[in-house]
Ligand SMILES: *Cc1c(COP(=O)(O)O)cnc(C)c1O
C-alpha cells in the first residue's frame, strides 16, 4: 500500500467521470476475484438488486443488466436490442451525448427523427407533443437526462408523461444523473434507463448498466444486430445466477459494489443529491463573485457539472488548467463549438472544503496580472 498511497490524491478530479473515488472503493480492487466463483457471482446479484432499489422499481417488473464497456456501450446495446426495423425513434438532442445517440441510430440503420434544441435550452413538452401527434409512426422516444455537454437538466417528468400519454417506449440516458438525482423509474414509466459505474454512484470505469422493464426485454429477443451488444442475451445469462456472459471487469465490479454500499451509508440518493446541490451552488456563487459566469440558467442547471464562460477576452484555458492542476484540481475543457467555455464537475468524493479551496485558487489566478 505504501507505493499505492504515493499516487493517491495527487490531484482531485472535478470531471464528470472518471471521478475522484474513495480510498475504500479503490482498495476493493487489490484482490483478484474468480469470475465463476459463487462469491463473485453473488456480488453481481447484490448489485443488481441494489440498482433496482435505487431506481425505485418492483423486482418482478424490472431487472438490472450489467454490460462490459463504457456508458456509450449501454446506450448502443439498448438501441440495437429494443428497436425493431419497423419501429421509429424520436431522438431529442441538446448536446453532444444526444448527438452521439443519433450517430448510433445511423450506424444501426434505425429509423429515426431528430428534435434538436439549442444547447442552452431544454426541450419543450408542447413541441414534443406536436411531433408525436403529427408522426404516428414514432414508437420510441430517446432523451438524455442530464446533458453532460453543458450540465443542463432536461425535463424528464414532462417527457415521461408524454411517453405515457401517447404510449411510446421511453429510453433515458441517465448516465450522469442516476444515483445523484432521484429518478423514480417505475412511477415515471421509463422502459430503459442507462447509466454507468463511474458517474454518480462513484465507482471506477469499466461497465455500464441498464434498468429495464422485463416485459420490454422479453419482447426484444432476436432484435440485436450484434452479439456483444445483445442486451437480451446478456440478461438471459446474468439472470440465471449472476454469471456474466464473456469476461467481466472483476475489479471494477467489486469496487462498484463497495461504492453502492457507501452511497447507502451516505444516506442514499437524497443525501447525495443534497451534497451535490450544495457544492454546485457554492461553486457557482463563488465563481460569480469572482466574475466567472455559468452558461446554463439557474432554472435548468443540474447539480452535477457546470459550464462556465471564459471570464475575459484572451483568457488562456491551458494556462489556467495547469495553474489549477499544480494546486490539486483537474478541470474539464468546454464542449461547445461556438462559445469559449470550460467545465467543472462536482460529483465524486468532493466536499464543500474542496470547492472552497478550488475557488480560492481560481481567485488567486484571476488576481494575477493578465498575460
Ligand atoms: C458519460 C456519459 C455517457 C457515456 O460516455 P462514455 O464515454 O461512453 O462513458 C453518455 N451520456 C452521458 C450524458 C454521459 O454523461
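We did not get these values from a lab; they are worked out from the coordinates using the rules stated. Predicted model, so just to flag it, every value in this text is computed and none were measured. Here the Cβ is made from the backbone with ideal geometry for all residues, glycine too, and neighbour counts use every protein chain on show.
Quick notes
- Taking the convex hull of Cα positions in segment 101-187, its mean projected area over all directions (nm²): 6.0 nm²
- Projected label points at residue 366 and residue 136, each 7 Å from Cα along the beta carbon direction, are separated by 5.7 nanometres.
- Added length on full extension, which subtracts the Cα-Cα distance from 0.36 nm per residue, residue 113 to residue 281: 56.9 nm
- By the Kirkwood approach, averaging reciprocal distances over each pair of separate Cα atoms, segment 219-279 gets a hydrodynamic radius of 14.4 Å.
- With a simple spin-label model that places each label point 7 Å from the Cα along the Cα-to-Cβ direction, the separation between residue 184 and residue 158 comes to 2.0 nm.
- Distance between segment 332-368 and segment 132-164 - C-alpha centres, whole angstrom: 30 Å
- Gaussian network model of the chain, springs between alpha carbon atoms under 10 Å - residue of 59, 16, 303 with greatest fluctuation: 59
- Length, then width, then depth: along the principal axes, the Cα atoms of the chain run 63, 55, 34 Å.
- Whole-angstrom gap from segment 243-314 to segment 19-34, using each part's C-alpha centre: 20 Å
- Computed lengthening from residue 60 to residue 240, 0.36 nm per intervening residue step minus Cα-Cα distance: 63.3 nm
- Calculated over segment 256-308: convex hull of Cα atoms, volume per residue (Å³): 86 Å³
- Ordered by the count of other Cβ atoms within 10 Å of each Cβ, fewest first, 175, 238, 29 give 29, 238, 175.
- Candidates 299, 266, 349: whichever shows maximal mean-square fluctuation once the chain is modelled as a Gaussian network with Cα springs under 10 Å: 299
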